[in-house]
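To start, the structure itself, in structure tokens.
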Amino acid sequence: MKNVSSTVAGLGLAADPSAVAAAAANRSGSSSSRDLSRDAKALVVNASVAGHETAAEASARADRTAAEKAARAKAQAAAKAKAKVEAEQRALAASHRWVKPLSGYKLTSGFGFRWGRLHPAQDLACPVGTPVHALSSGKVIFAGWSTEGYGYLVKIQYWDGTVSWMAHNTRLVVSLGDKVVPGQTVSYSGNTGHSTGPHVHLEIHPGDGGPVVPRTWLAKRGVRL
Ligand SMILES: [Zn+2]
């Protein structure tokens, strides 16, 4: 056994332990030098056949490796592309979300007829100087003094075309053309214009058209005033 191994090792061939064991098992108990020589030859043949197969397989293995590498690269590229799309979807969902205009308020006059005329808004009473937030992402289409009794007014057109009016502010912190994100402070509430007390007068104009009930419109977008 030792001799066989060393013979094979001496030939510079990798002796497969199982082949050596098989060769040893094939011997009929004899350990004559002739037997050992025959076993060694068998191993050499096996080893050279194995070596030949390895060479033939090496090319196939290289092909497989290249194919696997390409497949891995493809999978990685696909995963990267998927992650990018998901990140974009998350960013879009974040920019398209709707939020409350104020964090502390009391609902006062709602949308409806008041003193014989339509009050096309929801009034939210709050202390002067309360930060007023953009309802979603959009662009400021008016920021200034209203000649129609709204005091300092800010109008924002959102990504879906809807326009919000936030009136009676004490101070505006955005300008015409500014882009805003959901929750961004656009003004500080006040009591300017035709106002009977500190509050935010909120109007919602889908498509920049006629006003609708703000609470209903916002509720459909997950915002409960
Ligand atoms: Zn009002």
Report task. Give Ala66, Ala121, Ala78, Ala47 a once-over and let me know the one that is more than 27 Å from Ser187 (Cβ to Cβ) and at pLDDT 95 or above. Result -> Ala78
Report summary line: Note on the stretch 108-140: residues touching a helix residue (DSSP H, G or I) at 6+ places or on another chain (Cβ under 8 Å) and either surrounded by fewer than 21 Cβ atoms within 10 Å (Cβ to Cβ) or assigned to a loop (DSSP other than H, G, I, E, B) (or both) are Gly110, Phe111, Ala121, Leu135, Ser136, Ser137
Query raised in the report: Being more than 16 Å from the ligand (Cβ to nearest atom), within 20 Å of Ala93 (Cα to Cα), under 31 Å from the mean Cα position of the chain (by Cα) and surrounded by fewer than 21 Cβ atoms within 10 Å (Cβ to Cβ), is that true of even one residue in the stretch 171-179?
Result: yes
Report task. Filter the stretch 185-224 for residues that are of a type in the set (Ser, Thr, Tyr), buried (at least 21 other Cβ atoms within 10 Å of the Cβ) and not in a strand (DSSP E or B) and give the result. Result -> Ser189
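Conditions (1) away from the ligand (no atom under 12 Å from the Cβ); (2) among the hydroxyl-bearing types (Ser, Thr, Tyr); (3) out of contact with any Pro (no Cβ under 7 Å at 6 or more places or on another chain), marked per residue:
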{"site": "Ala79", "(1), (2), (3)": "yes, no, yes"}
{"site": "Ala83", "(1), (2), (3)": "yes, no, yes"}
{"site": "Glu86", "(1), (2), (3)": "yes, no, yes"}
{"site": "Arg90", "(1), (2), (3)": "yes, no, yes"}
{"site": "Ala93", "(1), (2), (3)": "yes, no, yes"}
{"site": "Val99", "(1), (2), (3)": "yes, no, no"}
{"site": "Gly110", "(1), (2), (3)": "no, no, yes"}
{"site": "Arg114", "(1), (2), (3)": "no, no, yes"}
Report summary line: Given the conditions (1) more than 13 Å from the ligand (Cβ to nearest atom); (2) within 16 Å of Leu102 (Cβ to Cβ), every one holds for Trp145 apart from (2)
Query raised in the report: Is it the case that some residue within the stretch 76-94 is part of a helix (DSSP H, G or I) and in contact (Cβ under 8 Å) with a residue 24 or more places away in the chain?
Result: yes
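The values are calculated or read from the model by the stated rules, or taken from the named source; none is laboratory data. If you're wondering where the values come from, they're calculated on a predicted model, not measured in any experiment. Every residue, glycine among them, receives a Cβ derived from its backbone with ideal geometry; neighbour counts consider all protein chains shown.
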